[in-house]
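Presented below is the structure to which this report refers.
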Amino acid sequence: MNWKLLYFLVITLYFSPLFSTAQMIDSMMNIYSEKFPQEKIYMQFDKKAYNPGDRIWYKAYLFTGFDPSPFSKNFYAELYDAYGNLILRNTAPIIESTAIGNFDLPSSFDGTRIHIRAYTSWMLNFDTSFIYTKDLRIVGSLQDSSTHMNPTLTSLHFFPEGGDLVAGIENNIAFRANDSFDLPRKISGILYDQSGKALFNFNSTHDGMGNFILIPDKEDVFYAIWKDDKEIEHRTELPPVRSSGIVLRVLNSNQKMIFNVARPPESLAYQQVVIIAHMNQQIVYKATVNLKENTTTGGSIPTQQLPTGVLQITVFDINELPLAERVCFINNNNYSFDGKLTMSAKSLQKRGRNVVDVELTDTFKSKLAIAITDAEVDGNRPWDDNIISSLLLTGDLHGLVKDPYYYFQNNSDSLARQLDLVMLTHGWRRFKWENLAKGKLPVIKYPIENYLSINAEVLGVPSSRISKDESLNVVFQTKGSSTSMLTVPYMNNSKFSLPGLIFYDTAKAYYMFNTNHGLSNEAAIIFKNGLYTGVKKLKPFSMTLPVWSPDDSSLIRKSRQVFVEIARLNGQDKKIQNLEAVTVRRRIKSDKEKLDEEYSSGLFSGGNATIFDLANDQTISSVDIFTYLQGKIAGLQINTAGATPSLSWRGSSPGIFLNEMQSDPSMVKNIPVSDIAMVKVFSPGSAGGMSNSSGGVIAIYTKKGADKKPDPNIKGLDMVRIVGFNVQREFYSPDYLINPEAESDDIRTTLYWNPNLKAGRGNRRISIPFYNSDVTHRFRIILEGFNDDGKLIHLEKIVE
C-alpha cells in the first residue's frame with residue numbers, strides 16, 4: 001500500500017507546522033524518498049535447524065518501506081561459517097518482489113551454526129548494518145550433544161531517552177542486560193552517586209530490560225552495582241551528565257504520540273528547536289517549539305492514519321543539528337490480511353496422506369510460500385522473527401530482539417510498554433543528519449541492476465578504433481534451452497552492454513563484431529554477467545545463537561537420529577558391511593516428461609502445466625503456433641485474424657516466453673511450427689514467480705540438439721561461457737498413491753515446500769496434498785507472503 005497520500009493528509013489536516021527552519025532537512029528527505037529508496041529483505045526458510053548435507057530452501061521478500069519493492073532485480077544470498085569464511089553463494093532473479101533458491105549444506109560441515117547474509121547491490125550504497133542477516137542452527141556434529149548452556153559474560157547498558165543524560169531535568173533511563181550472544185539476562189542492582197551513596201534499587205522487568213527516573217545535578221557521577229541471574233556481581237558506569245542539552249520524552253497513548261521536550265533552566269542554549277517525525281523517509285510531523293520562556297513544553301502527534309511500523313522523532317537546533325532522538329512503534333493493526341489453515345485429510349501414520357487447505361479472505365493477488373516440516377526437529381519457538389515482525393520491526397532496528405513476534409499478539413497496554421523498552425534500548429539510524437543538513441547526497445557506487453547482463457570490454461586496441469554504431473552480434477545458447485540471437489550495443493570506453501537477461505547455470509555466447517569483423521582478432525574481449533562478486537571473508541562477528549539449552553534436548557536427539565540414518569543410507573557408516581537385497585520399482589517417464597526435462601529449466605521446469613509435444617508429432621499442418629493452439633486450452637481465447645495475434649485468459653493477457661526469454665506474439669508468430677519442439681502452457685495462478693503470469697504463461701521452445709540440425713552460422717565464431725543465476729531446483733514431494741513402495745526409507749524432515757503459491761481473485765482456497773515420512777509424528781505448517789496491496793500474512797499450525 002502506498003502511504004504517501006496518508007502522510008500528506010496527516011500533515012495538512014492535523015498540524016500547522018512552521019517551516020522557517022530545517023528547510024534543508026525537508027528538501028533532502030524528499031530527495032531521499034524519491035531517488036534513494038531504502039530496501040529491506042526478509043527470508044523465509046523451510047525450517048529452523050539443519051543437518052550437514054541438508055538442502056536449505058528459502059524464499060526472499062523485498063520491500064521498500066511498507067510496499068513490495070519494484071526496484072532491484074538481482075538477489076544475493078551468502079552462507080558463512082562462524083569464522084566469517086564464505087561457504088556458499090547464491091544469486092537469483094527478483095520477480096514480483098520475491099526470489100527463491102536453495103543452499104546445499106556440505107556433508108563435511110562440522111560447525112554448530114551458519115550465518116546467512118542477504119542483500120541487493122543497491123542496499124550496499126547505504127548503511128550496511130541493515131543488510132539482512134540470520135543465524136541458523138546446524139545439528140549432527142558431536143559437539144552439539146551437550147544440552148547445557150556455556151557460561152557467558154553478562155553486560156549492562158544504559159540508554160537515556162533521547163540520547164543524553166542532562167542536568168536539572170527529569171530523565172527517563174532505560175537499560176538492557178544481555179549475554180555474549182546478545183540474549184537477555186535478568187538483573188537487579190543499586191544505583192550509587194560519586195560519594196558512594198545508594199540512591200535506589202532497580203531490576204529488569206522484561207527480557208533483561210527496565211527503566212527508572214533520575215534528576216541529576218551537573219556535578220553528579222553515577223554507577224550501578226548489580227547482580228546477574230547467576231548472582232555474579234558487576235559494576236557499570238552510567239553515561240556522563242551534560243550541563244546543556246535537550247531531553248525528549250515520548251508516551252504512546254490512545255492513537256497519538258505525546259511528546260515533551262525540555263532544556264536545563266540554567267542554560268541559555270536551545271531556546272528554539274524543531275521537531276520532526278518521519279516514517280519510511282516521509283515526514284509525518286514537523287513543528288517549531290519555543291523554549292525561551294518555558295523551558296519545558298509538549299505536544300502530540302496523531303497516529304491513527306499512519307501505517308504500522310517504526311516512527312522516528314528527532315529534535316534539531318536552529319542550525320539543523322540533531323539534539324535528541326527517539327524511535328517509537330505504532331501498531332494500528334493495518335498490516336495484514338486474514339487467512340486460516342485447515343486439514344481436510346490428516347494421517348500421522350508412516351507415509352500417510354494429508355491435505356492442508358489454505359483459505360484467504362482477501363481478494364488481492366497474493367504471493368505466498370508454504371513449508372511443512374517435522375515439528376520435532378524444528379524447535380518450538382512461536383515468537384521467532386517472521387515476515388511481519390521482520391519487515392515492520394526488526395528490519396529497522398540494530399541489535400537482536402528476542403522473540404519479536406511476541407509484540408504483535410495484541411494491543412494491550414502491558415505489551416505496548418514492553419515493546420517501548422525495546423525501542424528505547426535498540427539503536428536506529430537511517431540518516432546521517434549532518435550530511436542532510438549540508439545537502440550531501442549518498443555516493444551511488446552500485447546502481448540498481450536490471451537482471452543479468454552481457455557486459456563485454458575490448459582490451460588491446462584504442463577506443464577510437466571502435467565505431468559509435470558498432471555492436472556485437474551474439475548467438476546465445478542457454479543450458480537446457482535453445483539458441484537466441486542478441487545484439488549487444490556499444491556504450492562507451494570500449495564497453496558493450498545488454499541488460500535484462502534471465503538465464504540459469506552457464507550459457508555459451510558465440511560472438512562477432514557487426515561492423516569491424518576483424519576486431520576480435522586484434523583485441524582481447526572480457527565478458528562479465530553484471531553481477532556483484534561479493535566478498536569471501538567477513539570481518540569478525542559474533543553469532544547470535546547460543547549453544548543448545550535443555551529445552552532443545554528432544555530436537556537434538558531426533559536430528560541426530562536422522563543424521564545417523566542418512567549416513568547409513570548413503571553408505572557412510574563404516575560399521576555397515578552388508579546390505580539386504582532390495583527390489584527397485586520406478587515409474588517409466590512419458591515422452592512429454594522427458595521432453596520437459598530436456599527443454600525446461602528454473603521456474604519453467606515441472607509444475608502444473610499442459611505440455612504439447614511437437615517434436616514427435618509429424619501430423620501438424622498449422623501455419624503458426626497460435627493457430628495450432630486454438631481450441632486446445634479451455635478458457636484460452638486466441639484471435640489470429642489480425643496482423644498480430646491477440647490472446648486472453650480470464651480477463652488478462654498470458655505471458656509469452658520463447659526459450660524462457662520474454663517475447664511477444666508478433667515475434668513468435670513468424671517461427672515455423674516445424675522448428676518448435678514443445679509448448680508448455682501454465683494456467684492463471686499456476687505460473688510460479690514468472691512475470692506477466694496473471695493471465696497464464698505460454699512457454700515455446702524451439703528445437704535443439706538431436707531435434708535440430710546444427711546452425712551453420714555458429715561455425716567459426718569466437719565463444720565464451722557466461723555464468724547465470726543459480727539453478728532453481730524443484731522440491732521433491734513423493735506421491736505414495738501412485739508409487740506406494742519407495743526405493744528407500746523416507747526420513748525427510750521437510751515434508752513439503754512450495755515457494756510459488758499464488759492466490760486471490762477467485763482463487764482464495766488452495767488444497768495442498770502431501771505425504772508423511774517414516775519418522776514424523778507431528779508436523780508444523782507455516783504460510784507466509786504478501787498481497788498486491790503490500791499487506792502481510794503469517795499463519796502457523798501444529799498438527800499432532
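Pairs are defined by a Cβ separation below 9 Å, a sequence spacing of at least 6 or placement on different chains, a first member in the stretch 517-533 that is assigned to a loop (DSSP other than H, G, I, E, B), and a second member that is acidic (Asp, Glu); the pairs so defined are GLY530/GLU449; LEU531/GLU449; TYR532/GLU449.
Sort through LYS73, LYS47 and tell me the only one that's within 22 Å of TYR405 (Cβ to Cβ) and basic (Lys, Arg).
Answer to the selection: LYS47.
Please give the helices (runs of 4 or more DSSP H) falling wholly within the stretch 373-455 in which 1 or more residues are more than 23 Å from ASN125 (Cβ to Cβ), open to solvent by less than 10 Å² (accessible area, probe 1.4 Å) and touching a residue at least 24 places away in the same chain (Cβ under 8 Å).
Working: elements: 387-392, 413-425, 433-437.
So the answer is 387-392, 413-425.
So, in the stretch 530-558, of the ones that are closer than 16 Å to ASP182 by Cα, open to solvent by 30 Å² or more (accessible area, probe 1.4 Å) and aliphatic (A, V, I, L, M), which residue ends up modelled with the highest pLDDT? The extreme case among them is LEU545. A residue that is more than 30 Å from ILE318 (Cα to Cα), among the charged types (D, E, K, R) and crowded, with 20+ Cβ neighbours inside 10 Å can be found somewhere in the stretch 220-230. If you go through the stretch 112-130 and keep only what is modelled with pLDDT of 95 or more, part of a strand (DSSP E or B) and either of a type in the set (Val, Ile, Thr) or over 25 Å from GLY399 (Cα atoms) (or both), you end up with just ILE116. Evaluate the stretch 259-273: report whether one residue or more is touching a helix residue (DSSP H, G or I) at 6+ places or on another chain (Cβ under 8 Å), within 25 Å of ALA167 (Cβ to Cβ), among the β-branched types (Val, Ile, Thr) and in a strand (DSSP E or B). No: the stretch 259-273 contains no residue that is touching a helix residue (DSSP H, G or I) at 6+ places or on another chain (Cβ under 8 Å), within 25 Å of ALA167 (Cβ to Cβ), among the β-branched types (Val, Ile, Thr) and in a strand (DSSP E or B). Only one of the numbered conditions (1) open to solvent by less than 40 Å² (accessible area, probe 1.4 Å); (2) more than 25 Å from GLY530 (Cα to Cα) is violated by PHE364, and that is (1). For the stretch 47-60, filtered to residues that are open to solvent by 30 Å² or more (accessible area, probe 1.4 Å) and in a loop (DSSP other than H, G, I, E, B), the residue that is nearest to ILE114 (Cα to Cα) is LYS48. Against the list (1) in a loop (DSSP other than H, G, I, E, B); (2) open to solvent by less than 20 Å² (accessible area, probe 1.4 Å); (3) not aliphatic (A, V, I, L, M), the condition PHE731 fails is (2).
A count restricted to the stretch 773-783 and to residues that are charged (D, E, K, R) and buried (at least 23 other Cβ atoms within 10 Å of the Cβ) stands at 1.
In the stretch 174-222, the qualifying residues are those that are among the polar types (S, T, N, Q) and not in a loop (DSSP other than H, G, I, E, B), and the one that is farthest from SER542 (Cα to Cα) is ASN201. In the set (1) open to solvent by 10 Å² or more (accessible area, probe 1.4 Å); (2) in contact (Cβ under 8 Å) with a residue 12 or more places away in the chain; (3) in a loop (DSSP other than H, G, I, E, B), PHE612 fails one condition alone, (3).
Take the stretch 311-324 and flag every residue that is open to solvent by 10 Å² or more (accessible area, probe 1.4 Å) and outside any loop (DSSP other than H, G, I, E, B). Break it down into steps so the answer makes sense when it comes.
Step one: of the stretch 311-324, the residues open to solvent by 10 Å² or more (accessible area, probe 1.4 Å) are 317-323.
Hits for the stretch 311-324 are PRO322, LEU323.
Restrict the check to the stretch 498-509 and report whether at least one residue is surrounded by 16 or more Cβ atoms within 10 Å (Cβ to Cβ), more than 21 Å from PHE657 (Cβ to Cβ) and at pLDDT 90 or above. Looking for residues that are surrounded by 16 or more Cβ atoms within 10 Å (Cβ to Cβ), more than 21 Å from PHE657 (Cβ to Cβ) and at pLDDT 90 or above, one finds none in the stretch 498-509, hence no. Looking at the stretch 700-718, is at least one residue modelled with pLDDT of 80 or more, of a type in the set (Gly, Ala, Ser) and in a loop (DSSP other than H, G, I, E, B)? No, every residue in the stretch 700-718 fails to be modelled with pLDDT of 80 or more, of a type in the set (Gly, Ala, Ser) and in a loop (DSSP other than H, G, I, E, B). Restricting the stretch 245-266 to residues that are out of contact with any Lys or Arg (no Cβ under 6 Å at 6 or more places or on another chain) and surrounded by fewer than 18 Cβ atoms within 10 Å (Cβ to Cβ) leaves a set whose member that is nearest to ASN172 (Cα to Cα) is LEU251. When the residues of the stretch 278-299 are filtered to those that are farther than 21 Å from ASP26 by Cβ and part of a strand (DSSP E or B), the one that is most open to solvent (accessible area, probe 1.4 Å) is THR296. Going by the structure shown, is ILE213 under 25 Å from LEU153 (Cα atoms), at pLDDT 95 or above and aliphatic (A, V, I, L, M)? For ILE213, the condition - under 25 Å from LEU153 (Cα atoms), at pLDDT 95 or above and aliphatic (A, V, I, L, M) - is not met.
Against the condition open to solvent by less than 20 Å² (accessible area, probe 1.4 Å), modelled with pLDDT of 85 or more and assigned to a loop (DSSP other than H, G, I, E, B), how does SER693 come out, does it pass? So SER693 fails the test. On the stretch given as the stretch 271-330, residues that are over 22 Å from ASN254 (Cβ atoms) and small (Gly, Ala, Ser) total 1. Number of residues in the stretch 339-361 that are surrounded by 18 or more Cβ atoms within 10 Å (Cβ to Cβ) and either within 17 Å of PRO734 (Cβ to Cβ) or within 16 Å of the chain's Cα centre (by Cα) (or both) equals 2. If a residue must be under 30 Å from GLN272 (Cα atoms) and open to solvent by less than 30 Å² (accessible area, probe 1.4 Å), how many such residues does the stretch 231-243 contain? Of the residues in the stretch 231-243, 2 are under 30 Å from GLN272 (Cα atoms) and open to solvent by less than 30 Å² (accessible area, probe 1.4 Å).
Contact map, the stretch 179-190: first residue under 21 Å from ILE225 (Cβ atoms) and free of Cβ contacts under 8 Å to residues at least 24 places away in the same chain, second residue of a type in the set (A, V, I, L, M) and assigned to a strand (DSSP E or B), Cβ cut-off under 7 Å, separation 6 or more or different chains; the map is empty.
The values are calculated or read from the model by the stated rules, or taken from the named source; none is laboratory data. Predicted, not measured: the structure shown is a model, and the values here were computed from it. Because the Cβ atoms are built from the backbone with ideal geometry, glycine has one as well, and the counts that use them run over all protein chains shown. These area figures cover heavy atoms from the full protein model, side chains too; ligands, DNA and RNA do not enter into them. Shrake-Rupley method; radii C 1.70, N 1.55, O 1.52, S 1.80 Å.
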